[in-house]
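Trainee: My questions will all concern the structure given below.
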Amino acid sequence: MKTFLDCIPCFTRQALEAARMVSDDENLHEEVLRRVLGMAAGMDMERTPPEMALEIHRLIRSLSGSADPYAEVKLRFNRMVLGMVDDLRARIDAAPDPFDTAVRLALAGNIIDFGTPGGVDPDKVLETVHASLTLPIHGTSPAGLQRAATAARSILYVGDNAGEIVFDRLLIERLGPERGTFVVRSGPIINDVTIEDARATGLADLVEVIDTGSDAPGALLARAGPAFRRALTTCDLVIAKGQGNYETLSDLDHPVFFLLRAKCPVIARHIGVPEGTMVVEGRNLPVS
């Protein structure tokens, strides 16, 4: 998916927010913003948004001296959702259709995204969890995902954000962790999930974990590491969580399900849904 003009203001907002998270120095904030504006002015709009975000956040880490500006945010939301996990699992177990509820909760978790406008707080997460249980889902039904997953011998689950990873863990328990591989980013970027988050939330004890080979907030195929590239070509089914993975894998020629909330107008228009819609979209699926 290419970059659209509406992405440019989002790049600058995100850069300023990240700079303010790591420093109160307004001179640093100004330097970050000016440098990012210069980068945006010269960028190739045919590149994906995560490619630009990769360069922006590397710049912020370099100028600020902070290896992970979002470290505290990730820790806080991992702990918060871990505190909810027993209740969430009980909801799934008691549901008339446990798999449907696990998918809905995984979609609810996608709200924990500090790359989009407005941010998120614990009350918004709880509100989203409650709403997700009854909101309509665009695209393929959770039952369609369940059929595809049941038929698959191996599933590659590409994760998105910290905190959200706990919701993913509940869905992976239903998918069958023995057939799964979970994919994280290779280094810190926004509040995207890394191997440290997989270990902290217990997911690394449940399923094999590999990284994309890049610290981009998406799965950039041009930068894919050997383990990720091999898994992409050998797995039977890919499940790609969140907007960044949709932006980078929307042209993937492989059986894939995109699970996300359309949180920004660009993604919503690209998919053809209203903002806020929960999406389960299967592509390149075998004809049954």
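Trainee: Do me a favour and compute the ellipsoid semi-axes for the stretch 164-252 from its Cα gyration tensor, root of five times each eigenvalue, largest one first, whole Å.
Mentor: Largest first, the stretch 164-252 gives 19, 15, 12 Å.
Trainee: To the nearest 20 Debye, how big is the dipole of the chain about its Cα centre, given +1 on the beta carbon of each Lys and Arg and -1 on that of each Asp and Glu?
Mentor: 560
Trainee: Give me, ordered by chain and number, the residues 5 or more places off residue 163 or on other chains with an amide H under 5 Å from its own placed amide H.
Mentor: Long-range HN contacts for residue 163: 78.
Trainee: Determine the percent antiparallel among the DSSP beta bridges restricted to the stretch 227-288, to the nearest 5.
Mentor: If we restrict to bridges inside the stretch 227-288, about 60 percent are antiparallel.
Trainee: Quick check: the distance between the Cα centres of the stretch 270-288 and the stretch 54-106, to the nearest angstrom?
Mentor: Taking the Cα centre of the stretch 54-106 as reference, the centre of the stretch 270-288 is 22 Å away.
Trainee: Same structure again: Counting alpha carbon pairs within less than 8 Å and at least 6 residues apart, what relative contact order, in whole percent, applies to the stretch 28-139?
Mentor: It rounds to 16 percent for the stretch 28-139.
Trainee: Based on DSSP H runs of at least 4 residues, each adding -39500 (n - 2.57), what is the mean residue ellipticity at 222 nm of the chain after dividing by all its residues, to the nearest 500 deg cm²/dmol?
Mentor: -15500 deg cm²/dmol
Trainee: If you don't mind, there's one more thing I want to ask. Report ³J(HN,Hα) in whole Hz for each residue of the stretch 56-68, in order, from the Karplus equation J = 6.51 cos²θ - 1.76 cosθ + 1.60 where θ = phi - 60°; Gly and Pro get x.
Mentor: 4, 6, 5, 4, 4, 5, 5, 6, 8, x, 9, 6, 8
Trainee: If you don't mind, there's one more thing I want to ask. Return the tail of the calculated pair distribution for the stretch 116-177, meaning the percent of Cα-Cα pairs more than 13 Å apart.
Mentor: Summing the P(r) tail past 13 Å for the stretch 116-177 gives 74 percent.
Trainee: Name the shape class, rounded, prolate or oblate, that the alpha-carbon gyration tensor gives for the stretch 1-106, where a ≥ b ≥ c are the square roots of its eigenvalues, rounded holds for a/c under 1.5, and otherwise prolate holds if a/b is larger than b/c and oblate otherwise.
Mentor: It is oblate, given that a/c is not under 1.5 and a/b is not larger than b/c.
Trainee: Okay, next question. Can you tell which of 78, 193, 125 lies farthest toward the positive end of the dipole of the chain, using +1 and -1 charges on the Cβ of basic and acidic side chains (Lys, Arg; Asp, Glu)?
Mentor: 193
Trainee: Accessible area of the chain with a 1.4 Å probe: how many percent of it is carbon plus sulfur?
Mentor: Carbon-and-sulfur percentage of accessible area, whole number: 51.
Trainee: Give the Kirkwood hydrodynamic radius (Å, one decimal) of the stretch 1-40, defined as one over the mean of 1/r across all pairs of different Cα atoms.
Mentor: Hydrodynamic radius (Kirkwood, Cα pairs) of the stretch 1-40 is 10.5 Å.
Trainee: Still on this structure, I have one more. Debye sum, Cα scatterers, the chain, no solvent: what log₁₀ I/I(0) at q = 0.17 1/Å?
Mentor: These q points yield log10 I(q)/I(0) values of -1.48.
Trainee: Given Cα pairs under 8 Å that are at least 6 residues apart, what percent is the relative contact order of the chain?
Mentor: For the chain, the relative contact order is 20 percent.
Trainee: May I pose another question? At q = 0.15, 0.17, 0.22, 0.23 Å⁻¹, what is the base-10 log of I(q)/I(0) for the stretch 205-288 according to the Debye formula with one equal point scatterer per Cα and no solvent? Please give it to two decimals.
Mentor: So the normalised log intensities work out to -0.59, -0.74, -1.11, -1.17.
Trainee: Right, something else. Counting only DSSP beta bridges with both residues in the stretch 69-214, what percent are antiparallel, rounded to the nearest 5?
Mentor: 10
Trainee: Along the stretch 224-238, what does the Karplus equation 6.51 cos²θ - 1.76 cosθ + 1.60 (θ = phi - 60°) give for ³J(HN,Hα), rounded to whole Hz, x for Gly and Pro?
Mentor: 5, x, x, 5, 5, 4, 5, 5, 4, 7, 9, 6, 7, 8, 10
Trainee: So, one more: Residue 239's amide H: which non-local residues (gap 5+, or another chain) put their own amide H closer than 5 Å, with H modeled 1.01 Å from N in plane and none for Pro or chain starts?
Mentor: Sorted by chain and number, the residues that satisfy this are 156, 157, 158, 257.
Trainee: Sticking with this structure for a sec: So, for the stretch 13-56, what is the accessible surface per residue at a probe of 1.4 Å, expressed in square angstrom?
Mentor: 54
Trainee: List the GluC sites (Glu not before Pro) within the stretch 1-81 that fall in a DSSP loop (any state other than H, G, I, E or B) and whose Cβ has at most 10 other Cβ atoms within 10 Å.
Mentor: Those satisfying the criteria are 46.
Trainee: State the antiparallel share, in %, of DSSP beta bridges confined to the chain, rounding to the nearest 5.
Mentor: Just about 25 percent of them are antiparallel.
Trainee: With no solvent and one point on each alpha carbon, what is the Debye value of log10 I(q)/I(0) for the stretch 76-180 at q = 0.10, 0.17, 0.21, 0.22 Å⁻¹?
Mentor: Cα-only, vacuum Debye calculation for the stretch 76-180: -0.27, -0.79, -1.19, -1.29.
The values are calculated or read from the model by the stated rules, or taken from the named source; none is laboratory data. Since we're looking at a predicted model, the values are computed, not measured. Neighbour counts are summed over all protein chains in view; Cβ atoms, including those assigned to glycine, are modelled from backbone coordinates with ideal geometry. Areas reflect the complete protein model, heavy atoms only, side chains present, ligands, DNA and RNA absent. Shrake-Rupley method; radii C 1.70, N 1.55, O 1.52, S 1.80 Å.
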